Amino acid sequence: MTDVTELARRRDEIRAAHLRPAGERPPSSARGLHHTALISSDVERTVRFYQDLLEFPLTELIENRDYPGSSHFFFDIGNGNLLAFFDFPGLDVGPYAEVLGGLHHVAISVEPARWERLKSKLAAAGVEHVVHSEVSVYFRDPDGARVELIADPLGEMYGHVVS
């Protein structure tokens, strides 16, 4: 059985050793998240899901330079960030699987009024979803990747500043 007290103690140690107050942190070497790339088994179905249902505009659809015949396509998720996909025609990549060290979910911030509308659209489309803490809705895309739409602003999570 997991000793949650010990886990909390260890988390506190790590926090004390590594978490600097905001004013003492050096600037990040990164400019931001350019894109996160997921796998699509059906380009048009993915476009319909992300653009038509979730209202993330498709911004580009090009050939994947790494796999002839494959598509690399991008959706605008706001703030200069992109959600990208590859398809691999002729290659059996199998179903989506969460694995240790792999992607657990993608969390995308949306304005509260849009969050309510998108949650309703998911329900109307028959997409199974779960609401958590009254600001997060979790669901799976057509290929099984877990997505979270969160009504909290960027840099906040459930009332806590995380940036």
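The values are calculated or read from the model by the stated rules, or taken from the named source; none is laboratory data. On a predicted model such as this, the values are computed, not experimentally measured, just so you know. Positions of Cβ are backbone-derived with ideal geometry, glycine not excepted, and every protein chain shown enters the neighbour counts. We work out accessible area using only protein heavy atoms, side chains counted, and drop any ligands, DNA or RNA first. Shrake-Rupley method; radii C 1.70, N 1.55, O 1.52, S 1.80 Å.
Looking at segment 109-127 only, could you name the residues that are in contact with a strand residue (DSSP E or B) (Cβ under 6 Å, 6 or more places away or on another chain) and not in a helix (DSSP H, G or I)?
Scanning segment 109-127 gives Ser109, Val110, Val127.
Would you tally the residues in segment 128-157 being closer than 13 Å to Pro112 by Cα, in a strand (DSSP E or B) and open to solvent by 60 Å² or more (accessible area, probe 1.4 Å)?
0
Open to solvent by 60 Å² or more (accessible area, probe 1.4 Å) and either closer than 26 Å to Pro153 by Cα or not aliphatic (A, V, I, L, M) (or both), is that true of Asp87?
The answer is no for Asp87.
Within segment 132-146, work out how many residues are of a type outside the set (Lys, Arg) and either in contact with a Lys or Arg (Cβ under 7 Å, 6 or more places away or on another chain) or at positive phi (or both).
Qualifying residue count for the region: 6.
Pick from segment 61-82 the residues that are within 29 Å of Ser120 (Cβ to Cβ) and in contact with a Phe, Trp or Tyr (Cβ under 9 Å, 6 or more places away or on another chain): which of them is most open to solvent (accessible area, probe 1.4 Å)?
Applying the filter and picking the extreme gives Leu61.
Among the numbered conditions (1) open to solvent by 70 Å² or more (accessible area, probe 1.4 Å); (2) in contact with a strand residue (DSSP E or B) (Cβ under 9 Å, 6 or more places away or on another chain); (3) over 30 Å from Ser120 (Cα atoms), tell me where Leu33 comes up short.
Among (1) open to solvent by 70 Å² or more (accessible area, probe 1.4 Å); (2) in contact with a strand residue (DSSP E or B) (Cβ under 9 Å, 6 or more places away or on another chain); (3) over 30 Å from Ser120 (Cα atoms), Leu33 violates only (3).
Enumerate the pairs (first residue in segment 1-28 and small (Gly, Ala, Ser); second residue anywhere and in a loop (DSSP other than H, G, I, E, B) and open to solvent by 100 Å² or more (accessible area, probe 1.4 Å)) with beta-carbon separation below 6 Å, excluding pairs fewer than 6 apart on the same chain, so at least 6 apart or on different chains.
From residues that are small (Gly, Ala, Ser), there are no pairs.
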